[in-house]
């Protein structure tokens, strides 16, 4: 979960092609709900979104903002699920919570998950290394 939360501030560590990341507290109703506002460039395209994090539930929700600044109808969910332990990433409708088609390449999703798992393993190895030997996350 720590790595999913870290991906909010540092998406370039998990997704290739990310540049110019700006993260700050959201304003208005989204800010009242604890959202962050993020703008970044992904492969030359500017993306602006609100991000809601719920570590206790293992969820990070990303909601793209329309040109007028309002949240869109879809959200992207990144979740750490238990029993069995697994990661999920999918798109859904915000109102109905029904999953929706998401035009993301399988390769990009695999790269993002591999990075999250790799960094989490490195952090776990660091935490269990009483002498602080080995690579650090």
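Of note:
- Flag for residue 25 being closer than 26 Å to residue 118 by Cβ, touching a residue at least 12 places away in the same chain (Cβ under 8 Å) and either exposed (fewer than 14 other Cβ atoms within 10 Å of the Cβ) or under 13 Å from the mean Cα position of the chain (by Cα) (or both): no
- Members of region 8-60 that are part of a loop (DSSP other than H, G, I, E, B) and either in contact with a helix residue (DSSP H, G or I) (Cβ under 7 Å, 6 or more places away or on another chain) or on the phi > 0 side of the Ramachandran plot (or both): 14, 15, 16, 17, 34, 43, 44, 58
- Checked against the criterion of being farther than 18 Å from residue 11 by Cβ, at pLDDT 90 or above and in a strand (DSSP E or B), region 63-72 has at least one qualifying residue.
- Members of region 73-89 found to be assigned to a strand (DSSP E or B) and at pLDDT below 90, listed by number: 78, 79, 80, 81, 86, 87, 88, 89
- Tally, over region 90-108, of residues that are in contact (Cβ under 8 Å) with a residue 24 or more places away in the chain and in a strand (DSSP E or B): 1
- Subset of region 30-51 that is crowded, with 17+ Cβ neighbours inside 10 Å and within 22 Å of residue 100 (Cα to Cα) - its residue that is nearest to the chain's Cα centre (by Cα): 51
The values are calculated or read from the model by the stated rules, or taken from the named source; none is laboratory data. On a predicted model such as this, the values are computed, not experimentally measured, just so you know. We place every Cβ from the backbone using ideal geometry, glycine too, and count neighbours over all the protein chains shown.
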